[in-house]
Structure formats: structure tokens, C-alpha cells
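Working notes, structure below.
Nothing in this text is a laboratory measurement; each read-out follows from the coordinates by a stated rule. Since the model is a prediction, treat every value here as computed from it, not as a measurement. Here Cβ is always computed from backbone atoms with ideal geometry, including for glycine, and neighbour counts include all displayed protein chains.
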Amino acid sequence: MLVTAIEARPLRSLERLRVELAPGIVSVVGPNGAGKTNLVEALYFALTGRSFRTSDRRELIPFGGSLARAEATVRDEDGIERRLLASVSRSEGRRHLLDGNPADPATIARSRPPVAVFAPDRLTLVKGPPAERRAHLDGFLAARWPARGELRKRYGQALAQRNALLSRLAAGYGNPADLGVWDAGLATAAAALVEARAEAVAELAGPFTATAAELGFDTSVALAYAPRAEGSAEEIRAGLEERRATDVNLGRSSWGPHLDELKLEADGRSLRKYGSQGQQRAALLALLFAEREALRRARRVVPLLLLDDVMSELDPDRRERLVARLGDGGQALITAADRESLPPPALATVVPMPPESEAGA
């Protein structure tokens, strides 16, 4: 699945810009402040309806404007093209359209490649709270096993139902015995999610360690899953029952996969707490490449990699290794301040930023 074009009309500093994208590696080259990161964000926004830089989509609207809009053209393996348009306006909110029509998120996800982003803003995946890593892991397992794509949602719904009752019980309403039904539903959803997450991390751990070594780690690096609750649905249900009094006092569920952690470690120490900026950048890259390799091996759609300012802290040897890893299929967009920072294979398709013939006034 190939993204053949991205258009921003407007978005942040991009007033009107259209860029044609080729298969393989596309390098966007231009000085700082030229809008390279905004172009990457526009592509991500068009495909996913979200920004990787902010949770408030209105920040994409140019200063003094009322609308931000980005459109991507995607061609599937049969040569069929689809158009995805994302927009946000101050008056009408946000939209995400497929071929000009509203579509549910699952349909849109099937009509585009998975997207993985490396950018300074994305370092929160390594050094931020566990919730960031849980959501990322669940996104990978949905791409790896599409039939499991609803596991996170099902667990979230069951958790919300149980927490609603716990909140009422904490306020003095209802009967704690009523939790039995919700415990059973939550345990069933939890067991399936924990099993899928464990399988996903087991598949990623080896490629993560190998890639991290290529990208500069000279210590033992590991990716590990630390579930809060484990076992069968019945075992998890029993664990919930044991903690029932505590949960009633708290008014929420204090145990379960909504508290799991995905651990990235070097020499047994957390990279979130003790890793340097360079180590955290390398760990993020290693995770993205591990996911890409796992999906490629499973013959799933290979993710589109958006690599913003990826070369700035890599020496020439590791830059070449990184680009060599991109040569096994799939599509990648790399931004760089100058051509000299890019190995020759990354110079086959270069987009100057801004493209003089396509930048709008």
C-alpha cells in the first residue's frame, strides 16, 4: 500500500502545498523553519485524523485562520486509489473523510498503511507515562493481528462499566455483590488483551535488541512486558474479587491491564528514568524498526515510516545502517536540513522544501 501524494491546504505554516511521493525512501530537504515537520504532520493528519505533536487539532490551524486541512492519496496493491481528507475548523470541529464521505475509523484504517513516526515530540513514547506505551503496543497488535483489533476497546468498555458501579458504591449506593457480573466481563476481556500483548512483545523483543545494537547501544538492551494482571479469565476474576473492598474504597479498579507497562531497558535499568537523550532516540527507532520487521515477516502491510530529523544525532556509519534497513520494502519519508547528512540510497528521491513550483502564495 503506497501513499502517492500529500496536500496541505493550509496547515500550520503550509499555505498550499502538494508533494508527490515515490515508493521507497523519499527525502524532504530544507533549512530549519522551512516547514519539513509540518509536512510530516500533514501526512500523518491526513492518514489518521490526528496529530503526533498535539492532542488539540486546532493547533494545526494557521495563525489568524479558521481551518486546517490535509489530503493524502493512497494506492493499494490492486492499483485502486483512495483519498483521505482530514480537516479541523474553529466553527465546525473535525472531519475525517474517505473518498469525500464520512467513514468509521476501522474502515479508514483498512484503507491506508499503518503509520509509524519518529520525531522529537514522539520521545514521550520512551520517556513518558506507561499509558503512551500501552496505546502504542495495542496499535501494533491490531496491525499484526487485525482480528484482535477490538481487544483494547472491549476491555475499555468493560472497565468503564465496572468503574461506574464502583463509583456509585463509593458514594454509598448499590450492593457490592453486583460487582460479580462486571468482574466476570472485565476478566474475560482482560485475559484476551494480556495474552495478545504478551505475544506481541515476544515477537518484538528480538528485533528490538538487534536493531538497538546497530543504532549505537553498547550495552544489553531489552524490551519486556510487565502485566499487572496475568492468567486465565477465572484467575483474573478471582484477583478482582480479592481486591473488591479496596476498589470500592477507591471508587475505581486498581488492578488490571489498564496499568500494564512496556519496559525499555539498558543493562536492566529503565531508559525512561536513566537513559540519555541519545539512548532514548535510539530506543524509539529500534522499536519502530522492530515493529516494521515483525509486520513484514507476517506479510502484513508494512508501515509507512515518517522519520523527522532522524539523522541529527547519528554518526555517518549509523546513518548508513538506518537507511540500509529501509531498503527491504515499504515506504519512508525522511526529513533533513541538508543533503550531506543523507547516505546515497536516501538521495534517489529528494523533495526540496518548499518545492518552489508547488508552494502557494
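If you take Cα Rg over 2.2 N^0.38 Å from the coordinates, which of (1) 1.07; (2) 0.96; (3) 1.47 do you get?
Here the calculated entry is (1).
Just order 6-12, 191-197 by mean Cβ neighbour count inside 10 Å, highest at the front, would you?
Working: 6-12: 22.9, 191-197: 21.3.
Highest-to-lowest ranking by the protection proxy: 6-12, 191-197.
Counting other beta carbons within 10 Å of each residue's own, what order do 255, 182 fall into, fewest first?
Listed from fewest to most nearby Cβ atoms, that is 255, 182.
Figure the gain on full extension for residue 32 and residue 160 (residue separation times 0.36 nm, minus the Cα-Cα span) and round it to one decimal in nm.
So the chain would gain 41.6 nm between residue 32 and residue 160.
In the stretch 2-352, what percentage of the DSSP-assigned beta bridges are antiparallel, given to the nearest 5?
70 percent
Can you give the angle from 0 to 90° between the axis of helix 36-48 and the longest principal axis of the chain, with both taken from C-alpha atoms, to the nearest 10?
With both axes taken from Cα atoms, the answer is about 50 degrees.
Which order do the peptides 90-100, 116-126 come out in when sorted by mean C-beta neighbours inside 10 angstrom, highest first?
Final packing ranking: 116-126, 90-100.
Using the alpha-carbon atoms, what tilt in degrees (0 to 90, nearest 10) does helix 151-170 show relative to the longest principal axis of the chain?
Helix 151-170 sits roughly 40 degrees off the main axis of the chain.
In whole percent, what relative contact order does the stretch 2-352 give with Cα contacts below 8 Å and a gap of six or more residues?
Here the relative contact order equals 23 percent.
What order, most packed first, do the peptides 283-291, 320-328 have when packing is the mean number of other Cβ atoms within 10 Å of each residue? Present the calculation step by step, with values, prior to reporting the outcome.
Working: 283-291: 24.8, 320-328: 16.3.
Order by mean packing, descending: 283-291, 320-328.
Compute the angle between helix 277-297 and the longest alpha-carbon principal axis of the chain, please, reported from 0 to 90 degrees and rounded to the nearest 10.
90 degrees
Using the beta-carbon distance between residue 135 and residue 81 and R0 = 41 Å, what value does 1/(1 + (r/R0)^6) give for FRET efficiency, to the nearest 0.05?
About 0.85, to the nearest 0.05.
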